[in-house]
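Reviewing the structure listed below.
The values are calculated or read from the model by the stated rules, or taken from the named source; none is laboratory data. These figures come from a predicted structure and were not determined experimentally. Every residue, glycine as well, gets a Cβ built from its backbone with ideal geometry; the counts of neighbours run over all protein chains shown. With ligands, DNA and RNA removed, areas are computed over all heavy atoms of the protein, side chains included. Shrake-Rupley method; radii C 1.70, N 1.55, O 1.52, S 1.80 Å.
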Amino acid sequence: MKRALRLGLAGVLLVALPAGRAAASKLFSLSLDDVARGRAEIVDLTHDLSESAPLFPGGVPFVLEPMSRITDGYYMNSFSTGEHTGTHVDAPAHFGKGLPTVDEIPAVRLVSLGILIDVRSKAAANSDYVLTLPDLNEWEKANGKIPPRALVVLNTGWHLRWGSPDRYLNKDEAGTMHFPGFSAEATGYLLKERDVNGLGTDTASIDPGRSTAYESHKVMLNGGRYQVENLDNLDILPARGFTIIVAPMKISRGSGAPARVLAIVPR
């Protein structure tokens, strides 16, 4: 597992307090001075983009081609990949005509209060597990109301399968994939009632693997928000009280893009 990374930038980001209804309405600030002083750390939520990455059916693999080596005077490569390969962002345009492309996602929505919903035990017992509205209600009872402008991330434990594409996509004999996801009802609630910036997951889709209608995709993207798929290192994150920075490649007219995703996490 990749270790937490520290960045030497300047600035202050607001994040919600850790779990607990009594503290849910309060805020505290984390600056990168806190990182330098050991009070916070940067966690990289991004898988390496490589030729061996699991690929959603119909996707385009990553290919790295050498152009020059140090012996030529400098080292440089070219690469080709699909917009939705590796850790990546789906822009609204991915499922909605006339909706924002990845370069048009407002920068202010790419920095979010982090919310983590841990469903690893349920996903281990049922590969087709779907997060429901009652599950969300239970999470809020235990951890406080989900704030506006949050990125709600589902930790299914699937990021630990990344090194084994067959286990990650988990196809049956008929070719149907089996991995957890968000229900359309839960997605609609988060969009309309909690004004989230988007959703994230450590699987290949925010919809469960067996879905063929992509109901949660349609709800979130047609609602003008985005989603982040194939996240890593979610075991390091608390239930709340952290910030997520999503930095997709700014591809003009892109339906999505590979992204570097970082979390600022209090120690």
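Quick check: is even one residue across the range 163-170 out of contact with any Phe, Trp or Tyr (no Cβ under 8 Å at 6 or more places or on another chain) and assigned to a loop (DSSP other than H, G, I, E, B)?
So far as the range 163-170 goes, yes, one or more of its residues are out of contact with any Phe, Trp or Tyr (no Cβ under 8 Å at 6 or more places or on another chain) and assigned to a loop (DSSP other than H, G, I, E, B).
List the pairs whose first member sits in the range 53-64 and is closer than 13 Å to residue 169 by Cα, whose second member is open to solvent by 60 Å² or more (accessible area, probe 1.4 Å) and in a loop (DSSP other than H, G, I, E, B), and whose Cβ atoms are under 8 Å apart, counting only residues at least 6 apart or on separate chains?
53/61; 55/61
Just need a number here: residues in the range 140-158 that are under 29 Å from residue 248 (Cα atoms), touching a strand residue (DSSP E or B) at 6+ places or on another chain (Cβ under 7 Å) and either open to solvent by 10 Å² or more (accessible area, probe 1.4 Å) or without any contact (Cβ under 8 Å) to a residue 12 or more places away in the chain (or both).
Going through the range 140-158 one residue at a time, the tally reaches 2.
Select, from 238, 208, 180, the only residue that is more than 18 Å from residue 129 (Cβ to Cβ) and in contact (Cβ under 8 Å) with a residue 60 or more places away in the chain. Before the answer, list the steps.
Working: 208 fails: more than 18 Å from residue 129 (Cβ to Cβ); 180 fails: more than 18 Å from residue 129 (Cβ to Cβ).
Sole residue among the options that is more than 18 Å from residue 129 (Cβ to Cβ) and in contact (Cβ under 8 Å) with a residue 60 or more places away in the chain: 238.
Please count how many residues of the range 206-230 are within 15 Å of the chain's Cα centre (by Cα), open to solvent by 10 Å² or more (accessible area, probe 1.4 Å) and hydrophobic (A, V, I, L, M, F, W, C).
0
So for the range 231-246 (the condition being crowded, with 21+ Cβ neighbours inside 10 Å, modelled with pLDDT of 95 or more and out of contact with any strand residue (DSSP E or B) (no Cβ under 7 Å at 6 or more places or on another chain)), does at least one residue qualify?
no
Which numbered condition trips up residue 189, out of (1) aromatic (Phe, Trp, Tyr); (2) without any contact (Cβ under 8 Å) to a residue 60 or more places away in the chain; (3) crowded, with 20+ Cβ neighbours inside 10 Å; (4) not in a loop (DSSP other than H, G, I, E, B)?
It is condition (3) that residue 189 fails.
Return yes or no: is residue 250 basic (Lys, Arg), closer than 24 Å to residue 102 by Cβ and in a helix (DSSP H, G or I)?
no
Would it be correct to say that residue 203 is in a helix (DSSP H, G or I), out of contact with any Lys or Arg (no Cβ under 8 Å at 6 or more places or on another chain) and either open to solvent by less than 40 Å² (accessible area, probe 1.4 Å) or among the hydroxyl-bearing types (Ser, Thr, Tyr) (or both)?
no
Do any strands (runs of 3 or more DSSP E) entirely within the range 65-136 hold 1 or more residues that are surrounded by 16 or more Cβ atoms within 10 Å (Cβ to Cβ) and modelled with pLDDT of 95 or more, and if so, which?
Here the list reads 88-90, 111-118.
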